[in-house]
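The values are calculated or read from the model by the stated rules, or taken from the named source; none is laboratory data. Computed from a prediction, not measured in an experiment: that's the story for all the values here. So basically every Cβ, Gly included, is an ideal-geometry build from the backbone, and we count neighbours across all protein chains shown. Just so you know, the surface numbers come from the protein's heavy atoms only, side chains and all, with ligands and any DNA or RNA stripped out. Shrake-Rupley method; radii C 1.70, N 1.55, O 1.52, S 1.80 Å.
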Amino acid sequence: EFRRVLFRSADGAVPSCGERCDNRLNYFECCAANCDLGPDCGNRAMGRRRFARCRVQREHGKGWGLVSADGVRSGDLVIEYAGEVIDEATKESRLAAWTRDHPSDPNFYVMALGQAGWYIDARDVANQARFINHSCDPNCRLVPLNVAGHMRIAIVAVRDVRPGEFLCYDYQFDTRQGDRFTCRCGSANCRGTMKGG
């Protein structure tokens, strides 16, 4: 449910929707229906597609990865995880078909959308986000975000990311086959699996 919010900076001079914005805290992106700030609003990056500049590049031992071209500040939007929105039955059917037809390829690109029974499949319809690899010590995290009434998945930096650094997040796979998804992140706290802890 949208709430009309007007947030101003502590000195009252510059309007902004920063970290204390009610919409942001409740995982809503601001829009005309829930915020009076218009173009001055700082909580409209997804809707305006203000993504960090990135490039696809080979990552040693992991296949393709995604690199930040200019660096990203902690808390900033990196990119949206985009793909085809599918239901539970379609997801199960596609995963079964992929396992049957490609038994030696465990790669898949299906992510829970944040609403029960809906998923994003980025195998055939996607953007660069599908190339972001897993790490047990990630520099990004996934944030489900309501944008104009539609759930979307934002990938947000959890710390400053240097130019040329590979982007990563913790996949937290929901699977009983954790041994099938070996982690190769090499971090000090590596779990050895991409399965959620």
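Considering (1) open to solvent by 60 Å² or more (accessible area, probe 1.4 Å); (2) among the basic types (Lys, Arg); (3) at negative phi; (4) not in a strand (DSSP E or B), the lone condition that Arg44 does not fulfil carries the number (1).
Scanning the stretch 113-155 for residues that are part of a strand (DSSP E or B) and of a type in the set (A, V, I, L, M) returns Ile120, Leu142, Val143, Leu145, Val147, Met151, Ile153, Ala154, Ile155. Take the stretch 69-98 and flag every residue that is part of a helix (DSSP H, G or I), surrounded by 11 or more Cβ atoms within 10 Å (Cβ to Cβ) and out of contact with any Asp or Glu (no Cβ under 9 Å at 6 or more places or on another chain). Matches in the stretch 69-98: Glu88, Glu92, Ser93, Leu95. Just to be sure before I move on: is Arg53 at pLDDT below 95 and open to solvent by 70 Å² or more (accessible area, probe 1.4 Å) in the structure I sent? No; evaluated as a whole, the condition is false for this residue.
Tell me, please, whether a residue that is within 23 Å of Ala129 (Cβ to Cβ), hydroxyl-bearing (Ser, Thr, Tyr) and modelled with pLDDT of 95 or more can be found in the stretch 95-116. No, there is no match, as no residue in the stretch 95-116 is within 23 Å of Ala129 (Cβ to Cβ), hydroxyl-bearing (Ser, Thr, Tyr) and modelled with pLDDT of 95 or more. Of all residues in the stretch 137-157, one or more are closer than 19 Å to Ala69 by Cα and of a type in the set (S, T, N, Q). Counting only residues that are open to solvent by 50 Å² or more (accessible area, probe 1.4 Å) and not basic (Lys, Arg), the stretch 56-68 holds 5 of them.
Condition (residue is hydrophobic (A, V, I, L, M, F, W, C) and closer than 20 Å to Tyr119 by Cα) applied to the stretch 57-74: is it met by at least one residue?
Among the residues of the stretch 57-74, not one is hydrophobic (A, V, I, L, M, F, W, C) and closer than 20 Å to Tyr119 by Cα, which makes the answer no.
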